[in-house]
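**Q** A single structure is presented below for examination.
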């Protein structure tokens, strides 16, 4: 059993899956209070699926870019798992979970101040994420959390098959905290 968790944006997202399929998927829009409700929501999700934390083989966490505080919520839990002896804890880029295909796709996350975190994949090559000004990016035909929210579980499943995850539990902020 595997678990993906994303708190890097205005949603809390959980995806529970095995090697063949997604078992369950959970999304909750929050008022930037992930740190207050994350553990309770995770426990409810796991209990609903009759899964105990100790039976999960692999943990995957979105490490940003995105909300500074949201990223810290997820990665703090990831580091707590490692400190508790869990070995298979990984991170996945928050922009990459938005790609709807891996040939040619673009994704953005609002970085505030008329800026966006932006990444694209061209001809199966994942380009580096960057910060762009709102005037330099056309917002049509670009994936966002709002328009891909129901597909992220499937995207994560594909990214893991492609081994698009990291062992380092480090944040991917792209910009300094203010």
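**Q** Scan region 84-95 residue by residue and report those that are assigned to a loop (DSSP other than H, G, I, E, B) and within 16 Å of the chain's Cα centre (by Cα).
**A** Those that are assigned to a loop (DSSP other than H, G, I, E, B) and within 16 Å of the chain's Cα centre (by Cα): 93, 94, 95.
**Q** Could you please give the count of residues in region 1-42 that are out of contact with any strand residue (DSSP E or B) (no Cβ under 9 Å at 6 or more places or on another chain) and either more than 22 Å from residue 94 (Cβ to Cβ) or assigned to a helix (DSSP H, G or I) (or both)?
**A** 6
**Q** So, in region 43-71, of the ones that are at pLDDT 95 or above, touching a helix residue (DSSP H, G or I) at 6+ places or on another chain (Cβ under 8 Å) and part of a helix (DSSP H, G or I), which residue ends up nearest to residue 152 (Cα to Cα)?
**A** 46
**Q** Being closer than 22 Å to residue 162 by Cβ, under 17 Å from the mean Cα position of the chain (by Cα) and at pLDDT below 95: is that true of residue 143 here?
**A** Against the criterion (closer than 22 Å to residue 162 by Cβ, under 17 Å from the mean Cα position of the chain (by Cα) and at pLDDT below 95), residue 143 does not qualify.
**Q** From the list 81, 75, pick out the single residue that is part of a helix (DSSP H, G or I), modelled with pLDDT of 95 or more, surrounded by fewer than 20 Cβ atoms within 10 Å (Cβ to Cβ) and touching a strand residue (DSSP E or B) at 6+ places or on another chain (Cβ under 8 Å).
**A** Just one listed residue meets the conditions, 81.
**Q** Moving to a separate point now. Picking from 141, 151, 124, which residue would you name as being touching a residue at least 24 places away in the same chain (Cβ under 8 Å), farther than 27 Å from residue 73 by Cβ and surrounded by fewer than 18 Cβ atoms within 10 Å (Cβ to Cβ)?
**A** 141
**Q** Which of the numbered conditions does residue 170 fail, given that it passes all the others? Conditions: (1) farther than 25 Å from residue 25 by Cβ; (2) surrounded by fewer than 16 Cβ atoms within 10 Å (Cβ to Cβ); (3) free of Cβ contacts under 8 Å to residues at least 40 places away in the same chain; (4) in contact with a strand residue (DSSP E or B) (Cβ under 8 Å, 6 or more places away or on another chain).
**A** Single failed check for residue 170: (3).
**Q** Looking only at region 96-117, count every residue that is closer than 15 Å to residue 130 by Cβ and part of a strand (DSSP E or B) and tell me the total.
**A** Residues meeting the conditions: 8.
The values are calculated or read from the model by the stated rules, or taken from the named source; none is laboratory data. Not measured: the values here are computed from a predicted model. Glycine also receives a Cβ, built like all others from the backbone with ideal geometry; neighbour counts cover every protein chain displayed.
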